[in-house]
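Okay, structure first, notes after.
The values are calculated or read from the model by the stated rules, or taken from the named source; none is laboratory data. Because the structure is a prediction, the values reported are computed rather than measured. All Cβ positions, even for glycine, are placed from backbone atoms using ideal geometry, and neighbour counts span all protein chains on display.
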Amino acid sequence: MEEKATEVLGAEVMAKLDQANWKERLSGMETATSAVRRMTRDMIPCQVIVRIIARKPGLKDNNFQVHPGFNTTILVSPTKR
């Protein structure tokens, strides 16, 4: 799963999503959301995207700026047309 996510989102985004600094996580989340929005419906690996976002701190992220980005990316993934 990690390899597929790195292939889809890039190593830099994956590293940013794992950072303790909320600004780095926010930047990674914005980049990930943009990447998903650019993909066609058939290109989006929904399960991989959701599992990567759910990793620590993931959906329990307490930062009010980062957390909505997770929701946006998860919602965009399966509904993209």
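Could you please find all residues in the stretch 33-53 being farther than 16 Å from LEU17 by Cβ and within 13 Å of the chain's Cα centre (by Cα)? If the condition is that a residue be farther than 16 Å from LEU17 by Cβ and within 13 Å of the chain's Cα centre (by Cα), then ARG37, ILE44, CYS46, GLN47 are the ones that fit.
Does the stretch 18-63 hold any residues that are at pLDDT below 70 and over 20 Å from GLU3 (Cα atoms), and which are they? Result: LEU59, LYS60.
Being under 19 Å from VAL8 (Cα atoms), without any contact (Cβ under 8 Å) to a residue 12 or more places away in the chain and not aliphatic (A, V, I, L, M) is true for just one of ARG38, ARG51. Which residue is that? ARG38 is the lone residue from the list that is under 19 Å from VAL8 (Cα atoms), without any contact (Cβ under 8 Å) to a residue 12 or more places away in the chain and not aliphatic (A, V, I, L, M). Scan the stretch 10-45 for residues that are assigned to a helix (DSSP H, G or I), in contact with a helix residue (DSSP H, G or I) (Cβ under 9 Å, 6 or more places away or on another chain) and either under 20 Å from ASP61 (Cα atoms) or of a type in the set (S, T, N, Q) (or both) and the total you get is 16. Scanning the stretch 8-62 for residues that are loosely packed, with under 15 Cβ neighbours inside 10 Å and hydroxyl-bearing (Ser, Thr, Tyr) turns up SER34, THR40.
Check the stretch 1-14 and report whether any residue there is on the phi > 0 side of the Ramachandran plot and at pLDDT 85 or above. Scanning the stretch 1-14 turns up at least one residue that is on the phi > 0 side of the Ramachandran plot and at pLDDT 85 or above.
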